[in-house]
Every structure is written in structure tokens, then in C-alpha cells.
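In what follows, a structure is listed as C-alpha cells, so that the remarks can point back to it.
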Amino acid sequence: METASTGPVEGHANVPATDQPLLEVRSLVMRFGETLVQEGVSFKVEVGAIFAIMGVSGCGKSTLLRQVIGLLQPAGGQVLYRGTDYWAGDIAVRTKLRSGCGMLFQSAALWSSMTLLENVCLPLEQLTKFDRGQREARAAEVLGWVELEKFGAYYPADLSGGMKKRAGLARAIAAAPPLLLLDEPSSGLDPISSKHLDDLILDVRKRTGAAVVLVSHELPSLLAIADGGIFLDADSKRPIAHGSPKELRDHPEHPTVRAFMLREDLPAQQGNAPDPNRREQAKSSR
Ligand SMILES: Nc1ncnc2c1ncn2[C@@H]1O[C@H](COP(=O)(O)OP(=O)(O)O)[C@@H](O)[C@H]1O
Ligand SMILES: [Mg+2]
């Protein structure tokens, strides 16, 4: 049987082509109750880009992804897909726009009672008109892309951390969404598995043409694959730098960006109180 072709899947509710950026975030405000997490977050992601969201633990990276994908409503600002305002739209508009995003959650978030093949079939059930045979063929195809073709009948509990991440990636890309959101895809992986995942992300972009928004603490990974980015500051609760990880490493204008990109401690005289999250990260990145 012929497997589904790469690229946008027939029946998939794609974001219509316009000359607007694939994703634009304008002056986003993130809050939990009275607590401000970030404000003034603005950036654009063009087709085919790999865009990095950087910053120390707790600065709001996962919250930002949740607001972009429509799981959490921003306290202000806009999330635009091809110029259409997600949060201003009705349920039909939101459902259509959300179907253009595939997300790999920080925890991979596979359904433990389902096999890998069933997990990867889920978005195809929701987003395509494929029959069961076509769904299984497509799921087997994308499991092959992440080198899990022999594990379709396994349950998540039987897999290593790296395999779960790869299975989560396969599920995120199954319906060939134009935008992929990856939350710390390589956290907890050894350097070789991490490099392998980078190569897979590049390979997926080549095969599907998807743009990728990537949250990562892994500098080698960020430097290797991201071509744009934003740095969110936990202290001022605002973005403090825009640019690719390479640009920010080579020209870090803010001391916090410099400390992150060059793995240095912040100068004590800056009045930067030791932040347990930042210390943890500084230790783990050595
Ligand atoms: N559901 C929630 N309710 C209240 N506070 C939250 C919730 N989720 C995250 N936070 C807080 O928001 C801040 C940003 O969290 P998060 O987006 O997970 O950061 P990051 O992904 O950058 O580590 C943290 O201070 C976190 O404790
Ligand atoms: Mg996070």
C-alpha cells in the first residue's frame, strides 16, 4: 500500500498561504492571577525557520508555547497565524489554526495506555480524513523517520527517555503541521542522543517544510540548529534580546544573556541575587 506522501497531508486544515509571517506574537502578556510572568513579548517566525525561545528555568518559555498553541489565554497581546488573530477568533477559527501546530511537550506526554502507533495515529484521527489503514501507514512512516519503526506495538513505559522524545516528535509531525513547537526536546538526553535529535529536527524540517519554535537549554543544540530567537529575562519579566543563538553568543549585550550564552556566572555587583533555578542551570550546563 502506498504510504501518505510527505508535506501537508490531504484533508489537513492548513493555515492559508498569505504574505504574512507564519506566526507573529505581538506584545504578549503572560500572567498567572496577579503574578506577571512576562510582558512585551513580540517576535515573528517565517516559513522554514527554526526559532529559539531562550531564558533560565521559570522565565516563562513553556507558558509562552502554551499560549501560542491555544492552551492558555494570554493576559494581553496577540498571537497571529498568517495575520489571523487566534484569541480574537471563534471556536471554529481557533480549531482550524490550532490544527496547524504540532507540539512536543516537555514530558513527551504520550498516552501510557496506547501503543506508539496508536499515539501517533491520534492527530491523524483528529486532523485528517484518512481511513484506519492510511492512518497506520502514515504513523509507521513517521515512526520510521525517528527510527522507531520496530517499536510501533510498544507502550511508552517500555521505552527509554530518548525514544519517548522521538515518539513525541513523531506524533507532533504526523499530520505535517506547518508549525512545530518543541519544548526542551533534548532535555535529559545524553549528548549523542541529543545531537541525534537535532539531526532529526533538521530532517523533519526538510521533509515537511515546517517552521519550528524550539525551547531549549542545550547550547550546542541551539547553536547548531536555530536561526533566530528571543531571550526572556526572569528578573525584568521582559525579553532582553532578539537574534539567533550565534548572534547572541557573539554579541551578548546584556549580562544575563552573556552569562547564559557563555556559561558564566553573573557579576555579583550587578545586584543579581542568586536564583536557585539559574544556579541549577549553570551547574547542569557545565
Ligand atoms: N499553571 C500555573 N499556575 C501558576 N503558575 C505557573 C503555572 N505554570 C507555570 N507557572 C509559573 O510561571 C512561571 C513560568 O513557568 P514556565 O513557563 O514553566 O517556565 P519555563 O518553561 O521557562 O521554565 C514560573 O514561575 C512557574 O512557576
Ligand atoms: Mg518549561
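Things worth noting here:
- Partner aspartates and glutamates whose Cα lies under 12 Å from the Cα of LYS164, excluding those fewer than 8 positions away in the same chain, are identified as GLU147.
- Taking the DSSP bridge list for the chain and keeping only pairs wholly inside it, about 50 percent are antiparallel.
- Once backbone amide H atoms are built at 1.01 Å from N, ASP233 has ARG238, ILE240 as its partners under 5 Å, excluding neighbours fewer than 5 places away on the same chain.
- Dipole magnitude for the chain: about 220 debye, using +1 per Lys or Arg Cβ and -1 per Asp or Glu Cβ, origin at the Cα centre.
- Per residue, the accessible area of the chain comes to 46 Å² when a 1.4 Å probe rolls over the protein heavy atoms.
- Each residue of the range 169-181 was assigned a 3J(HN,Hα) from its phi angle through the Karplus expression (A = 6.51, B = -1.76, C = 1.60, θ = phi - 60°), giving 5, 4, 5, 5, 9, 3, 8, 6, x, x, 10, 10, 10 Hz with x at Gly and Pro.
- Distant-in-sequence amide contacts of GLY76, defined by a placed amide H-H separation under 5 Å and a gap of 5 or more residues or a different chain, comprise VAL29.
- Percent accessible area from carbon and sulfur atoms, the chain, protein chains only, probe 1.4 Å: 51 percent
- Of the residues LEU23, PRO177, VAL68, the one whose Cα sits farthest towards the positive end of the charge dipole of the chain is VAL68 (charges of +1 on Lys and Arg Cβ, -1 on Asp and Glu Cβ, taken about the Cα centre).
- Dipole magnitude of the range 105-176 about its Cα centre (Cβ charges: Lys, Arg +1; Asp, Glu -1), debye to nearest 20: 160 debye
- In the range 52-164, taking the dipole from charged Cβ atoms about the Cα centre, the farthest positive-side position among ALA109, TYR81, GLY162 is held by TYR81.
The values are calculated or read from the model by the stated rules, or taken from the named source; none is laboratory data. As the structure is a prediction and not an experimental result, all values here were calculated from the model. Glycine gets a Cβ as well: all are built from the backbone with ideal geometry, and neighbour counts include every protein chain shown. Calculation scope for accessible area: heavy atoms of the full protein, side chains included, ligands and nucleic acids excluded. Shrake-Rupley method; radii C 1.70, N 1.55, O 1.52, S 1.80 Å.
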